[in-house]
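A.B. asks: Take this structure, written in structure tokens, and hold onto it; I'll ask about it next.
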Amino acid sequence: MTSWAAADPATSWAAADPADSGIVDALFEDLASPNSALRDDTVYPIFTKWVRDGSLDESLISIGDRLAAMLSHPEIQARTFATLILGTAVRRAAALGLPATAIDRWRFAFGSWWLAETDLRGYDSKLGWLHAIAHGADTVRAFALAATTSAQLESLLSLVRDRLLAPTDYLFADAEDERVAYALAVILSRPELDDHVSWLEPIQAAFAAGEPGPVPAWVSNTQRTLNSLFVAISRGVIVRNAVTHEPLPPSIVASREVVLSHISDILREPSPWLA
């Protein structure tokens, strides 16, 4: 099997044929490469470009299934980069009107992985960017933009909340809280969503049950994410068209004041000085 690591990336790009299954197989293989430059600078941009521009439309469902299957790969870099590209496949599939069963299948596989993932390293000195939290948040955002029912959106809110509340010693870094907040703001801005606030109740209960002592990492992560979410909802967030990649007008949360009030009530628990 051909590996993109075996050739000059620029030459490979120019000569590559998206219809060549061997090339696609090589891209999948190199998603697991420990070479961060190969993943970040070659495999990811090529794969993403081909998905976005429709070069892989004929095999998009099978590609999405393969990406979803990679979420159980033994190498963390394979899991986190597969989820990043899966998000692009989700948006393309939704734009094409592909069967909802495929997207539902991918969402279930993604949610099962993201909630259970314990290797949350952002940057590793040997492997480069891994970013399970940030990449996962970007994929949540893709599922939110592809969602067509309130139930789908509510399940995404619950997934993000449960990911935030999961016990961990990992403290968010490199704008991970902002990426999660961005995903939440996109979910909350979808007009199909009926219930904007009940997903916050377990967070409020968890904060209220806090005990004296060092602040657990998950508490700090959640608090910082809610702070970022407050700003994102207040200002509105911009998303891009799945086909043209052009920015769309800012998305506004319909129940903005209600959601902001609930977030404020929660943040007063760890920050009683808030008015």
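A.B. asks: I want to confirm something. Restricting to the range 203-216 and keeping residues that are assigned to a loop (DSSP other than H, G, I, E, B) and of a type in the set (A, V, I, L, M), which single residue is surrounded by the fewest Cβ atoms within 10 Å (Cβ to Cβ)?
C.D. replies: So, considering only residues that are assigned to a loop (DSSP other than H, G, I, E, B) and of a type in the set (A, V, I, L, M), the one surrounded by the fewest Cβ atoms within 10 Å (Cβ to Cβ) is Ala209.
A.B. asks: Separate question: Can you find a residue that is within 25 Å of Leu120 (Cα to Cα), more than 19 Å from the chain's Cα centre (by Cα) and charged (D, E, K, R) anywhere in the range 35-49?
C.D. replies: Looking through the range 35-49, at least one residue is within 25 Å of Leu120 (Cα to Cα), more than 19 Å from the chain's Cα centre (by Cα) and charged (D, E, K, R).
A.B. asks: Among the residues of the range 98-119, what is the count of those that are farther than 18 Å from Ile85 by Cα and touching a Phe, Trp or Tyr at 6+ places or on another chain (Cβ under 8 Å)?
C.D. replies: Residues meeting the conditions: 0.
A.B. asks: Same structure, new question: Give the number of residues within the range 102-134 that are within 16 Å of Ala69 (Cβ to Cβ) and not in a loop (DSSP other than H, G, I, E, B).
C.D. replies: Counting residues in the range 102-134 that are within 16 Å of Ala69 (Cβ to Cβ) and not in a loop (DSSP other than H, G, I, E, B) gives 14.
A.B. asks: Right, another one. Of all residues in the range 171-202, how many are in a helix (DSSP H, G or I) and either on the phi > 0 side of the Ramachandran plot or more than 20 Å from the chain's Cα centre (by Cα) (or both)?
C.D. replies: So the answer is 3.
A.B. asks: Modelled with pLDDT of 95 or more, within 22 Å of Asn35 (Cβ to Cβ) and of a type outside the set (A, V, I, L, M, F, W, C): which single residue out of Arg107, Arg121, Arg92 fits that description?
C.D. replies: Arg121
A.B. asks: Somewhere in the range 60-70, is a residue surrounded by fewer than 14 Cβ atoms within 10 Å (Cβ to Cβ), without any contact (Cβ under 8 Å) to a residue 24 or more places away in the chain and in a helix (DSSP H, G or I)?
C.D. replies: Yes - at least one qualifying residue is present in the range 60-70.
A.B. asks: To continue, here is another question. Considering the range 217-275 alone, what residues qualify as being part of a loop (DSSP other than H, G, I, E, B), touching a strand residue (DSSP E or B) at 6+ places or on another chain (Cβ under 8 Å), touching a residue at least 12 places away in the same chain (Cβ under 8 Å) and not β-branched (Val, Ile, Thr)?
C.D. replies: Once the filter is applied, which keeps residues that are part of a loop (DSSP other than H, G, I, E, B), touching a strand residue (DSSP E or B) at 6+ places or on another chain (Cβ under 8 Å), touching a residue at least 12 places away in the same chain (Cβ under 8 Å) and not β-branched (Val, Ile, Thr), the range 217-275 yields Gly236, Pro250.
A.B. asks: Here's a check for you: in the range 135-152, which residue that is assigned to a helix (DSSP H, G or I) and of a type in the set (A, V, I, L, M, F, W, C) is surrounded by the fewest Cβ atoms within 10 Å (Cβ to Cβ)?
C.D. replies: Within the range 135-152, the match that is surrounded by the fewest Cβ atoms within 10 Å (Cβ to Cβ) is Ala151.
A.B. asks: Which residue, of Arg52, Arg79, Arg92, Arg121, is basic (Lys, Arg), closer than 19 Å to Val160 by Cβ and not assigned by TED's automatic domain parsing to the domain that holds Glu176?
C.D. replies: So the residue among Arg52, Arg79, Arg92, Arg121 that is basic (Lys, Arg), closer than 19 Å to Val160 by Cβ and not assigned by TED's automatic domain parsing to the domain that holds Glu176 is Arg79.
A.B. asks: Only one of Leu188, Leu200 is hydrophobic (A, V, I, L, M, F, W, C) and surrounded by fewer than 23 Cβ atoms within 10 Å (Cβ to Cβ); which?
C.D. replies: It is Leu200.
A.B. asks: Do any residues in the range 115-134 that are small (Gly, Ala, Ser) have Cβ atoms under 6 Å from those of residues that are in a loop (DSSP other than H, G, I, E, B), where the two are at least six apart or on different chains, and which pairs are they?
C.D. replies: From residues that are small (Gly, Ala, Ser), the pairs are Gly122/His131; Gly122/Ala173; Gly122/Asp174; Ala132/Glu117; Ala132/Leu120.
A.B. asks: Consider Ala95 carefully, then state whether it is of a type in the set (A, V, I, L, M), touching a residue at least 12 places away in the same chain (Cβ under 8 Å) and out of contact with any helix residue (DSSP H, G or I) (no Cβ under 6 Å at 6 or more places or on another chain).
C.D. replies: Criteria met by Ala95.
A.B. asks: On to the next question. Return only the number of the condition from (1) out of contact with any Pro (no Cβ under 6 Å at 6 or more places or on another chain); (2) at pLDDT 95 or above that Val239 does not satisfy.
C.D. replies: Unmet for Val239, out of (1) out of contact with any Pro (no Cβ under 6 Å at 6 or more places or on another chain); (2) at pLDDT 95 or above: (2).
The values are calculated or read from the model by the stated rules, or taken from the named source; none is laboratory data. Please read these numbers as outputs of a predicted model, since none were measured by experiment. Neighbour counts are summed over all protein chains in view; Cβ atoms, including those assigned to glycine, are modelled from backbone coordinates with ideal geometry.
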